[in-house]
1. Go through region A:136-225 and tell me which strands (runs of 3 or more DSSP E), entirely inside it, have 1 or more residues that are of a type in the set (S, T, N, Q).
2. For region B:13-27, indicate whether the set of residues that are modelled with pLDDT of 80 or more, more than 17 Å from A:Gly206 (Cα to Cα), in a loop (DSSP other than H, G, I, E, B) and away from chain A (no Cβ under 14 Å) is non-empty.
3. So which residues in region B:1-58 are over 29 Å from A:Val199 (Cα atoms) and of a type in the set (Asp, Glu), if there are any at all?
4. Within region B:14-23, how many residues turn out to be of a type outside the set (S, T, N, Q) and surrounded by fewer than 18 Cβ atoms within 10 Å (Cβ to Cβ)?
5. Scan region B:28-66 for residues that are part of a strand (DSSP E or B) and either away from chain A (no Cβ under 12 Å) or under 18 Å from A:Leu213 (Cβ atoms) (or both) and jot them down.
6. (1) farther than 22 Å from B:Ser36 by Cβ; (2) assigned to a loop (DSSP other than H, G, I, E, B): which one isn't true of A:Thr133, the others all being true?
7. Would you point out the residue of region A:41-73, among those that are of a type in the set (A, V, I, L, M, F, W, C), under 19 Å from the mean Cα position of the chain (by Cα) and buried (at least 20 other Cβ atoms within 10 Å of the Cβ), that is nearest to A:Thr27 (Cα to Cα)?
8. Condition first: under 26 Å from the mean Cα position of the chain (by Cα), among the basic types (Lys, Arg) and not in a helix (DSSP H, G or I). Can you find one or more residues in region A:3-20 that meet it?
Amino acid sequence: MSTNTVIEIKDIQQFNKLLLRDTLIVTHFMAEWAQQCLQINDVFSELSQNKDYSSVIFAKVSAEDIPELSQQMNVTSVPTCILFSKSKQLSRIEGADVPQLTQQVKQLAFKLGSNVGITSNASDHNIDERLKTLINRSPVMVFMKGTPDAPRCGFSRTLISILNEVNANYDTFDILSDEEVRQSLKVLSNWPTYPQVYVKGQLIGGLDIIKELKESEELVSALKP
Amino acid sequence: MYMNVMNESHKHNVPKGSETHFRVVIVSPQFESLTSLKRHRLVNEALRQELDANIHALAIQALTPDQWSHEQSVNESPTCRGGMGL
């Protein structure tokens, strides 16, 4: 699935087949004679070689060579870049807006990448299933604001430092990166705040409870897988 | 029985006069034989409406009278690392 090169689309069937894939697909409708398209081509080449985007597919289409396709995709000028996944159009950039293009690729690659990694069945959008998989991703799972290296909240930061103090093995999820998880998890667990700690899929509690366990020296055994 | 509700919003990066971050200390014999998790859930339940609406952060100390007479101290909440809307 890893591609280091930009695919050249030759016909409409090839394009339509490509769109069914469940990874991120970044397409460039271009013309050889357009200076701005050459610029976007360079950007595509660079992005396609970026390890972070090894599961992203980059493809270019000569807009004038396949007019039915340009029409089908409502392309009226070049360069036009359209980002897809699973037949859905996710984003569209008209003109040589390199910052916008790279930002969209980054955002959507991250979003889709984290989905594909977590749910084994990529077409399963059920949030409860997604949450259950997330909660069980590690024997000790922490839902926090930010990351262990860069917590975005004093409560989360303190929780992480307590876990580190007892040398706990844990994985984390940044709920600031995913609003759907942030809100749905509160409902599923019936717990209103973050951070939240789960051991073997069960909610243990938040910072207050972790602190209590540490003080009563029950923390290490509570975290044992 | 003892209860103390503290508005800690001033410790956070929110406008003056905000009522968004709280610490609650509750002492009740009803907590006897309940795990911390269950005690916190009781408090969360009692505050459900507030939590759904305005409260952004809630620190809870839920103790039995016995524990309180040994503890007798209010914990410190961590300093804020976030801002509005976090």
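1. Passing ranges, in order: A:171-174, A:196-199, A:202-205.
2. no
3. B:Glu8, B:Glu19
4. Total satisfying the criteria: 4.
5. Scanning region B:28-66 gives B:Ala59, B:Ile60, B:Gln61, B:Ala62, B:Leu63.
6. (2)
7. Step by step, filter region A:41-73, then rank; the result is A:Phe58.
8. Within region A:3-20 (the criterion being under 26 Å from the mean Cα position of the chain (by Cα), among the basic types (Lys, Arg) and not in a helix (DSSP H, G or I)), the answer is no, since none of the residues qualifies.
The values are calculated or read from the model by the stated rules, or taken from the named source; none is laboratory data. If you're wondering where the values come from, they're calculated on a predicted model, not measured in any experiment. Reconstructed Cβ throughout: ideal geometry from the backbone, glycine too, with neighbour counts over all protein chains shown.
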